[in-house]
Amino acid sequence: QAQFVESGGGLAQPGGSLRLSCVGSSLMFTIYTLAWYRQAPGKQRELVADITSSGSTNYADSVKGRFTISRDSAKNTMFLQMNSLKPEDTSIYYCNTRQLRASWGQGTQVTVSS
């Protein structure tokens, strides 16, 4: 099964920033809506943001105005710029298509703590 590879997570202080990257297949980045998801311990996986092949974006209310999703299809790479981080953003972040066409990868851990 196709799998995306996430990177860029780490430890940040509240109010800080991190930039996540996701690499996948050319086909996935050309024709599908791509998405960032996150899952914290004891909670359901939730959609954070998505971006269509034409560049239209959608954000969860909890991150709207703080996070920015983007993509570089020529490099098969998607990004999530996370600003004004809050402790509640602490989660493992994953990427996939909006329709979950790829297998789940390892994700990248984001921890926000002072």
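The values are calculated or read from the model by the stated rules, or taken from the named source; none is laboratory data. Predicted model, so just to flag it, every value in this text is computed and none were measured. Cβ sites come from the backbone with ideal geometry, for glycine too, and all protein chains shown count toward neighbours. To get the accessible areas, we keep the full protein, side chains included, count just its heavy atoms, and leave off ligands, DNA and RNA. Shrake-Rupley method; radii C 1.70, N 1.55, O 1.52, S 1.80 Å.
Using Cα pairs closer than 8 Å and at least 6 residues apart in sequence, work out the relative contact order for region 41-99, in percent.
On the way: 45 pairs, mean separation 13.9, N = 59.
In percent, rounded to a whole number, it is 24.
Under a crude label model (7 Å from the Cα following the beta-carbon direction), how far is residue 113 from residue 45 in nanometres?
The modelled label-to-label distance comes out at 2.5 nm.
Given a 1.4 angstrom probe, what's the average accessible area per residue across the chain, in square angstrom?
About 52 Å² of surface per residue is accessible.
Over the Cα atoms of region 3-63, each weighted equally, I'd like the Debye log10 I(q)/I(0) at q = 0.28 Å⁻¹, rounded to two decimals.
The calculated log intensity ratios at q = 0.28 Å⁻¹ are -1.35.
Taking Cα centroids, how far is region 38-83 from region 1-24 in Å?
Computed from Cα coordinates, the inter-centre distance equals 10 Å.
Over the Cα atoms of region 63-114, Rg to Rh with Kirkwood Rh, two decimal places? Before the final figure, lay out the partial values.
Values: Rg = 12.5 Å, Rh = 12.6 Å.
Rg/Rh: 0.99.
Given R₀ = 25 Å, what would the calculated FRET efficiency be for residue 33 paired with residue 13, taking r from the Cβ atoms and rounding to 0.05? Don't skip to the end; give the middle numbers.
On the way: r = 32 Å, r/R0 = 1.29.
Calculated value: 0.20.
With only Lys, Arg, Asp and Glu charged, each at its Cβ (+1 for the first two, -1 for the last two), find how big the charge dipole of the chain is about the Cα centre; round to the nearest 20 debye.
60
Please work out the Cα convex hull volume for the chain and give it in Å³ per residue.
89
Measure off, as a whole percent, the carbon and sulfur share of the 1.4 Å-probe accessible area of the chain, all protein chains present.
Using a 1.4 Å probe with all protein chains present, the chain comes out at 46 percent carbon and sulfur.
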